[in-house]
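What follows is a set of notes on a single structure, which appears directly below.
Every number in this text was worked out from the coordinates using simple rules, so none of it is lab data. Computed from a predicted model, the values in this text were never measured in an experiment. Heads up, the Cβs are rebuilt from the backbone with ideal geometry, glycines too, and the neighbour counts pull from every protein chain shown.
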Amino acid sequence: MLSVGVTGGIGAGKSEAVRRLAAHGAVVVDSDRIAREVVEPGTPGLAAVVEEFGPGVLAADGSLDRAGLGRIVFADAGRRAALNAIVHPLVARRSAQLRAAAPPDAVVVHDVPLLTENGLADQYDLVVVVDASPEVQLERLTGLRGMSEADARARMAAQATREQRLAIADEVLHNDGTREELAAQVDRLWERLRERLRQRR
């Protein structure tokens, strides 16, 4: 098994790269998806979030109001740390279960937005960073995702810097260009990952 951590700043194109790796046959462990699962209605995770932040973070149907909670935690580093202290251990436990269930010859790709921020690089055989310039990130967030510029800048500022991400990278996918250019880079990366797995056998 080869364990690969994939990360990148918001709007850098990480999810697109991971989708391409999945199409090649990678087993994907998606931290964002797991983070949503561990705070679904009825879970201990959601109960802990409500205890910390109050019932105002719940939607009318009893689910987590993610947008409302996001406004709180992205404006206050202390509140963000409190949320992370609840969610991150739950995500780590579930991620470990999924990795353990993967076939022995798998390339397991961990899609981890906050890999750099949480100091997780040493948990993987290698780290792939999907990199885009801040200008391109901002353009994508406001143009493609419809965020206000203020919201986009707040989300970017809450993450690690570009330099911090690149400092932990074993492989970098440069994504200031087109989707096709990124796909070609991912295809070449997949070949290198498969070769690395073959060498370990």
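Give the calculated FRET efficiency between L126 and R36 to the nearest 0.05, with a Förster radius of 22 Å applied to their Cβ-Cβ distance.
0.25
Rank by packing, highest mean first: peptides 62-75, 23-36, with packing defined as the count of other Cβ atoms within 10 Å averaged across residues.
Going by the mean number of other Cβ atoms within 10 Å, highest first, we get 23-36, 62-75.
Per the Cauchy relation, a quarter of the hull surface: what is the mean projected area of the convex hull of the alpha carbons in the range 1-95, in nm²?
7.3
Hey, for a label at R198 modelled as a point 7 Å past Cα toward Cβ, could you say which residues of the range 20-54 have their backbone N under 18 Å away?
Zone members listed by number: 24-26.
Any idea which of A102, A167, L114 is furthest toward the positive side of the dipole for the range 98-187, if Lys and Arg beta-carbons carry +1 and Asp and Glu beta-carbons -1?
Of the candidates, L114 comes out farthest on the positive side.
Rounded to the nearest 5, what % of the DSSP beta bridges within the chain are antiparallel ones? Walk me through the numbers on the way to the answer.
On the way: 1 of 19 bridges.
Looking only at bridges with both residues in the chain, the antiparallel portion is about 5 percent.
Taking a temperature of 10 °C and a viscosity of 1.306 mPa s, what whole-number D in µm²/s does Stokes-Einstein yield for the range 57-201 with Rh from Kirkwood over alpha carbon pairs?
Using the Kirkwood radius from Cα pairs, D works out to 89 µm²/s.
Tell me the mean residue ellipticity at 222 nm calculated for the chain from its helices only (DSSP H runs of n ≥ 4, each -39500 (n - 2.57), averaged over every residue, nearest 500).
Counting only the DSSP helices, I get -16500 deg cm²/dmol.
In the range 95-193, which trypsin sites (Lys or Arg not before Pro) are in a loop and have at most 12 other Cβ atoms within 10 Å, using DSSP for the loop call?
R145
Please compute the length gained on full extension between A183 and T161, using 0.36 nm multiplied by the number of residues separating them and subtracting their Cα-Cα distance.
5.5 nm
Can you give the FRET efficiency for A59 and A101, using 1/(1 + (r/R0)^6), R0 = 25 Å, r = Cβ-Cβ distance, to the nearest 0.05?
0.20
Could the peptides 125-134, 52-61 be put in order, highest first, of the mean number of other beta-carbon atoms found within 10 Å of their residues?
By packing density, highest mean first, the sequence is 125-134, 52-61.
Going by amide H atoms built from the backbone, whose H comes under 5 Å of the H on L64, apart from near neighbours?
Correct list: A59.
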